[in-house]
Structure formats: structure tokens, C-alpha cells
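See structure below.
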Amino acid sequence: MIYTVTLNPAVDYVIQLDNFEQGTINRSKFDYKEAGGKGINVSRVLNRLGATSTALGFIGGFTGKFITDYLSEVNIAHDFVSLEEDTRINVKLKSGDEESEVNGTSPEISEKAYNHLLEKLQGLSHGDVVVLAGSLPTSLPQDTYKSLVTMLNKRGVSTILDTSGKALGEAIQAGPTFIKPNNFELAELFSEEVKSDDDIIRLAKRLHEENNIDHVLVSLAKEGAIYVGATGVYKLNAPKGKAIHSVGAGDSSVAGFIYKLQETSNAEDAAKFAVASGSATAFSKTLCTKEEAESLLNDIHVKKL
């Protein structure tokens, strides 16, 4: 079973403007609201790809109810821990080709609430997959993902990690199954400059070999991705297209990798489908469908290095 854990979910309020002007009234052309947060996005894309998952994490208040209602409507199972405070709201402003974000403040996660989540995760075992994705609430320590990966690894659970900054630096020490840093995050992890594919490969190999991470997929945005794992090193180009909606592209890549790896047990195929899924979301107004991802596969070429 696949589980996604979103410790810091949000209601994403997306606003499209003709032109944003500071200090005055701006009127939107259109707007919409979605259940957001990286783990939740992974569940939503998995659902569109035809895979089932259960969304875990923390939600609260009227915004938390919006998220659970939204997931129920599209038949995504969920088992969140309830908080007294409202789940945050993130505002995504789109004006022309520019995107700006204002992310809300995280609710407080009490020790009782966190332990309740741990109880849910402690019931998992070998064969289960857990996606740990997104930022950490400010009330949780930076080694939270490290602790969760350590606990889940001991239970034989595959751990998929997609975060950044200090939380990523701490968590890789526990040896998650999969990580998806971009080239900038990779450079930050090692406090080194990344100027070439050779630099990326060298550092990704260190993560694979020294940190015992089975799959390292380094996102290069419009340049594609580089994969490092037990079967070798692969460079994948990104298909050509107009970027419309960048929010959720990385989450779509994670979902695409999990979906295809479970279907074929082939890391090369999984990396290719990850790039296709991320690109399909970037080229769409919302998260990709399976058909949109599959339509791009012929434009993605995999080169073994």
C-alpha cells in the first residue's frame, strides 16, 4: 500500500490576474482552490495514474475540512490527525508569465498529535511505501524526517523523500529509498558548486553509495533529469512544451516514479515516466493525467552514462 505523509498541508488559492499592481486593488480573471501540500499532490497524481494511496498528515479547521472533502470527492482515501488550528492557506498569484506565492503560517503540532501520527505509521510493514514530502511545520524539529525514515526503514517500509534544506540534509543520513533533489539542492547538500553533469553525477553517486539511497533522481527543470541507482547512471531530456503551471510538477515526478516502478520494477522506465509526469503537469493548467504523461514518453530519450 502507498501512503503519503503531508506534515504541512495547505489549501492552495490560485489567482489569475491580467497584471498585478502593488498598492492598489487588483481584480482576478478567475480563481480556484485546491487541496495542496506535496504529499497530497502525490496522492492526487497517483489517483490520476490509476494507483491507490492513503493520505496522512495533519489537518484542522474549516480549511482542513475543505481538504478532506476535496479528497473524498475524487475517491482518495485519507486518515489525517485532526488539529484545533486551521490548516494554512497558500496564495498563488499568476500574472502573465510570472508566478508569485504567499505561503501561510503552519499550525502548531502538539506532541499528542505527532504521537498519534506515529501510531498510524508504526502499523506499516514490508511492502508498504511511504512518501514523506514537503516542508516541515515550524513547531517540528528539523530532524523529523530523519526520525521517520529511521523508524520506517526498521519496519521494512520503502521511504520516498521529497523535501529541501536542513530537513533534507538531516534525513539523507537515515538512508531513504528515493530522493529527488534539484541541482541547486544537491549543491546545497554538499556545500559545493555544481557546474556540470559530471558534478551532479559525482554527488548523486555519493548519496547512492555512502548514504545507501537506492534511487537518486536529480531534477534539472527544462533540461530534464539525471538518475543514479543500482542499474547505473542515466541522463534524460525534458520534452519540449510551454510551461503553464509549475505548481505540483515535482510532486508529479515523484508520483510518476512510484507508479512506474511498482508496475515494472524497472528504474530506467520509472525515471522516464517521472520526467513525463512532471513535464505533463508543467504543460497543463493543473496536475497531469495518465494520458498526458504517456503522450510525452516518445519525446523523452534515456542515455546511459
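The values are calculated or read from the model by the stated rules, or taken from the named source; none is laboratory data. Not measured: the values here are computed from a predicted model. Heads up, the Cβs are rebuilt from the backbone with ideal geometry, glycines too, and the neighbour counts pull from every protein chain shown.
The table below lists the values:
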item: Residue tally, condition among the hydrophobic types (A, V, I, L, M, F, W, C), surrounded by 11 or more Cβ atoms within 10 Å (Cβ to Cβ) and out of contact with any helix residue (DSSP H, G or I) (no Cβ under 9 Å at 6 or more places or on another chain), over segment 101-116; result: 1
item: Selection status of residue 50, surrounded by fewer than 23 Cβ atoms within 10 Å (Cβ to Cβ), modelled with pLDDT of 95 or more and closer than 26 Å to residue 107 by Cα; result: no
item: Any chance residue 23 is in contact with a Ser or Thr (Cβ under 6 Å, 6 or more places away or on another chain), at positive phi and not acidic (Asp, Glu); result: no
item: Residue in segment 124-139 that is in contact with a helix residue (DSSP H, G or I) (Cβ under 7 Å, 6 or more places away or on another chain), closer than 24 Å to residue 181 by Cα and without any contact (Cβ under 8 Å) to a residue 24 or more places away in the chain present; result: no
item: Single residue of 146, 180, 222, 166 found to be more than 28 Å from residue 88 (Cα to Cα) and not aliphatic (A, V, I, L, M); result: 222
item: First in segment 203-217 and at positive phi and in contact (Cβ under 8 Å) with a residue 24 or more places away in the chain, second anywhere and surrounded by fewer than 22 Cβ atoms within 10 Å (Cβ to Cβ) and outside any helix (DSSP H, G or I), Cβ under 9 Å, 6 or more apart; result: 212/175
item: Residue among 166, 180 that alone is basic (Lys, Arg), over 24 Å from residue 86 (Cα atoms) and touching a residue at least 40 places away in the same chain (Cβ under 8 Å); result: 180
item: Given (1) over 24 Å from residue 92 (Cβ atoms); (2) among the hydroxyl-bearing types (Ser, Thr, Tyr); (3) under 16 Å from the mean Cα position of the chain (by Cα), number of the condition residue 252 does not satisfy; result: (1)
item: The listed residue being free of Cβ contacts under 8 Å to residues at least 40 places away in the same chain and among the β-branched types (Val, Ile, Thr), out of 258, 200; result: 200
item: Residue in segment 119-137 that is out of contact with any Ser or Thr (no Cβ under 8 Å at 6 or more places or on another chain), at pLDDT 95 or above, surrounded by 14 or more Cβ atoms within 10 Å (Cβ to Cβ) and in a helix (DSSP H, G or I) present; result: yes
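Conditions tested, residue by residue: (1) among the charged types (D, E, K, R); (2) touching an Asp or Glu at 6+ places or on another chain (Cβ under 7 Å).
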site	(1), (2)
254	no, yes
261	no, no
280	no, yes
287	no, no
293	no, no
300	no, no
304	yes, no
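For every residue, the table says whether it meets (1) surrounded by fewer than 19 Cβ atoms within 10 Å (Cβ to Cβ); (2) among the hydrophobic types (A, V, I, L, M, F, W, C); (3) not in a helix (DSSP H, G or I).
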| position | (1), (2), (3) |
| --- | --- |
| 199 | yes, no, no |
| 204 | no, yes, no |
| 212 | yes, no, yes |
| 234 | no, no, yes |
| 241 | yes, no, yes |
| 268 | yes, no, no |
